[in-house]
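Only the coordinates and a few stated rules stand behind these numbers; no lab work does. Not measured: the values here are computed from a predicted model. Using ideal geometry, Cβ is built from the backbone for each residue, glycine included, and neighbour counts are taken over all protein chains shown.
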């Protein structure tokens, strides 16, 4: 079971992890202490592995900080669902193996609601119904299955979609 964390539109990387908490300013080991530390201070203390972020459009806008999606992966966020993502955030999250789904569930799901995230059939199951998530392309699912893009490359000796040499 997963808790839903609802955020608005245009959540930028500085809201996710402010620059002063960057790993090169603090430490890589402490990254999990800082997601939403100023925007929603209870998040880092209360988030549990598998919890879901549901947000409005343009999630992850702002600078190209890879440590923003990495901090969310470190605390175990199971997926982020938003109608749209900033391009660089989307690519960083994909490389890190953090599941993202483009869908608008901000009016369907409530903050704090307990749901079931089913990545096997791309569903969010709630007491009041089930919501389908868009099925990701094969290469995205392959990266998720390996954990991240680096692990995929180490196992297969190539990137998804590349032919073997």
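Being touching a strand residue (DSSP E or B) at 6+ places or on another chain (Cβ under 8 Å) and assigned to a loop (DSSP other than H, G, I, E, B) is the filter; apply it to the range 10-39 and report the residue that is surrounded by the fewest Cβ atoms within 10 Å (Cβ to Cβ). Steps first, answer last, please.
Looking only at the range 10-39, we keep the residues that are touching a strand residue (DSSP E or B) at 6+ places or on another chain (Cβ under 8 Å), and these are 10-13.
Retained after the next criterion (residues that are assigned to a loop (DSSP other than H, G, I, E, B)): 10-11.
Working: 10: 15, 11: 27.
Step by step, filter the range 10-39, then rank; the result is 10.
Determine, yes or no, whether residue 152 is free of Cβ contacts under 8 Å to residues at least 12 places away in the same chain, surrounded by 12 or more Cβ atoms within 10 Å (Cβ to Cβ) and under 27 Å from residue 67 (Cα atoms). Talk me through it step by step, then tell me what you get.
Numbers: free of Cβ contacts under 8 Å to residues at least 12 places away in the same chain: yes; surrounded by 12 or more Cβ atoms within 10 Å (Cβ to Cβ): yes; under 27 Å from residue 67 (Cα atoms): yes.
Against the criterion (free of Cβ contacts under 8 Å to residues at least 12 places away in the same chain, surrounded by 12 or more Cβ atoms within 10 Å (Cβ to Cβ) and under 27 Å from residue 67 (Cα atoms)), residue 152 qualifies.
Which members of the range 119-147 meet the condition of being buried (at least 16 other Cβ atoms within 10 Å of the Cβ), in contact with a strand residue (DSSP E or B) (Cβ under 7 Å, 6 or more places away or on another chain) and over 13 Å from residue 102 (Cα atoms)?
124, 126
How many of the residues making up the range 34-57 are in contact with a helix residue (DSSP H, G or I) (Cβ under 7 Å, 6 or more places away or on another chain) and on the phi > 0 side of the Ramachandran plot?
Residues meeting the conditions: 1.
Looking only at residues that are touching a strand residue (DSSP E or B) at 6+ places or on another chain (Cβ under 8 Å) and in a loop (DSSP other than H, G, I, E, B) in the range 69-80, which one is nearest to residue 140 (Cα to Cα)?
Initially, the range 69-80 is screened for residues touching a strand residue (DSSP E or B) at 6+ places or on another chain (Cβ under 8 Å), giving 72, 77-80.
Next, only the ones that are in a loop (DSSP other than H, G, I, E, B) stay: 77-78.
Values: 77: 17, 78: 15 Å.
My answer is 78.
Give the residue that is farthest from residue 153 (Cα to Cα), with candidates limited to residues of the range 81-110 that are assigned to a strand (DSSP E or B) and out of contact with any helix residue (DSSP H, G or I) (no Cβ under 7 Å at 6 or more places or on another chain). If you could, list the steps in order and put the result at the bottom.
First pass over the range 81-110, keeping only residues assigned to a strand (DSSP E or B): 81-82, 85, 100-102.
The next check asks that each one be out of contact with any helix residue (DSSP H, G or I) (no Cβ under 7 Å at 6 or more places or on another chain); those that pass are 81-82, 85, 101-102.
On the way: 81: 26, 82: 28, 85: 25, 101: 23, 102: 25 Å.
Checked the range 81-110; the qualifying residue farthest from residue 153 (Cα to Cα) is 82.
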